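J.: I'd like to ask you about the structure that follows.
Throughout, read-outs are computed from the coordinates displayed, never taken from laboratory work. Here the structure is a predicted model, which is why all the values come from computation and not from measurement. Here the Cβ positions follow ideal geometry from the backbone for every residue, glycine too, while neighbour counts run over all protein chains shown.
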Amino acid sequence: MSVSTEYTPPDVPLEVIHEDAQLLVVNKPHGLLSVPGKGAHLADCMLSRVQAAFPEALLVHRLDRDTSGVMVFGLTPHAQRHLGLQFEKRYTKKIYVARVAGRISEKTGTVDLPLIVDWPNRPLQKVCHDTGKPAVTDWRVVRAANVETRVRLMPKTGRSHQLRVHMLALGHPILGDPLYAPETAGEYPRMMLHAEELRLKNPEGGVSMIFRAKTPF
């Protein structure tokens, strides 16, 4: 089974949200890989674009290719380690906005379903209670209509494709998702998932900081 789609990265300028001595925060466009893939045709990515302007920038975390929004890079090795530990220890707080299929009648809820890669169909992930790693997502309805619902998603863990698989498991896949809702991919200009807000502590001094990128849909 092939789940790959043609890679046509967006030709848009680098959008810097914040820069200081320790960290750089950017608004990643949808359709752009966070890190390079295998092969020259997959070399263009958020990391390479950031490093073209900030050669000292170091990777801390990733966003899926088709997800847009707030992404942070360390500007020193200390910052990279410090920020990486915050993600690993779940000290960061992330808020995503998504448009999902169908009407969600409840106002809030939590998805607690373990995830593991679906090897025959990778890079797809799947729910597996035997071998999956713990994955938890809180969600809150922003606006519900008959055909779709706008939700805020607050992941407590950072598994690959977590939000996409958890919403699918709820019966409300993210609209425009080429992997988990391919039947909707042609109806929407992009996957309707955006990393709107990231809270973390500055590696220098430990001051709490909040970074936001307005949802473009």
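J.: Grab the alpha carbons of region 116-217, take their convex hull, and tell me the volume per residue in Å³. Walk me through the intermediate numbers first.
T.: Working: hull volume 14.1 nm³, N = 102.
Hull volume normalised by residue count: 138 Å³.
J.: Highest GNM mean-square fluctuation, the chain, Cα pairs closer than 10 Å: which of PRO123, PRO173, PRO13?
T.: PRO13
J.: Just want to confirm a number: the relative contact order over region 16-212, from Cα pairs under 8 angstrom separated by 6+ residues, in percent. List each step's numbers first, then the result.
T.: Details: 442 pairs, mean separation 42.7, N = 197.
Relative contact order comes out at 22 percent.
J.: Looking at this model, which pairs from LYS38/LYS133; LYS94/LYS214; LYS38/LYS89; LYS28/LYS156; LYS89/LYS214; LYS126/LYS214 are more than 24 angstrom apart at the alpha-carbon? Intermediate values should be presented prior to the final figure.
T.: Numbers: LYS38/LYS133 26 Å; LYS94/LYS214 14 Å; LYS38/LYS89 30 Å; LYS28/LYS156 21 Å; LYS89/LYS214 26 Å; LYS126/LYS214 30 Å.
From LYS38/LYS133; LYS94/LYS214; LYS38/LYS89; LYS28/LYS156; LYS89/LYS214; LYS126/LYS214, over 24 Å: LYS38/LYS133; LYS38/LYS89; LYS89/LYS214; LYS126/LYS214.
J.: Now, a different point. For region 18-86, what is Rg from Cα atoms divided by 2.2 N^0.38 Å, rounded to two decimals? Kindly include the intermediate steps, with their values, before the conclusion.
T.: Working: Rg = 11.7 Å, N = 69, 2.2 N^0.38 = 11.0 Å.
Compared with the compact-globule rule of thumb, region 18-86 sits at 1.06.
J.: Label ARG122 and ILE210 with points 7 Å out from Cα along Cα→Cβ: what is the distance between them in nm?
T.: In this crude label model, ARG122 to ILE210 measures out at 3.9 nm.
J.: Another one. Mind sorting out which of (i) 1.18; (ii) 1.01; (iii) 0.92 is the real Cα Rg over 2.2 N^0.38 Å computed from the coordinates?
T.: Structure-derived value, by its label: (ii).
J.: Same structure again: Between VAL12 and HIS129, what is the FRET efficiency for a Förster distance of 45 Å, r being their Cβ-Cβ separation, to the nearest 0.05?
T.: Details: r = 41 Å, r/R0 = 0.91.
It comes to 0.65.
J.: For the chain, what does the helix formula give at 222 nm: sum of -39500 (n - 2.57) over DSSP H segments with n ≥ 4, over the residue count, nearest 500 deg cm²/dmol? Numbers along the way, then the final one.
T.: Numbers: 4 runs with 32 residues, N = 217.
After summing the helix terms and dividing by the residues of the chain, the value is -4000 deg cm²/dmol.
J.: Just the number, please: percent antiparallel of the DSSP beta bridges in the chain, rounded to the nearest 5.
T.: In the chain, approximately 95 percent of DSSP beta bridges are antiparallel ones.
J.: Would you please give the FRET efficiency between ARG199 and LYS107, computed as 1/(1 + (r/R0)^6) with r the Cβ-Cβ distance and R0 = 22 Å, to the nearest 0.05? Working shown, then result.
T.: Details: r = 23 Å, r/R0 = 1.03.
So the FRET efficiency works out to roughly 0.45.
J.: Calculated FRET efficiency, ALA52 and PHE87, Cβ-Cβ r, R0 25 Å, to nearest 0.05?
T.: On the way: r = 24 Å, r/R0 = 0.97.
E between ALA52 and PHE87, to the nearest 0.05, is 0.55.
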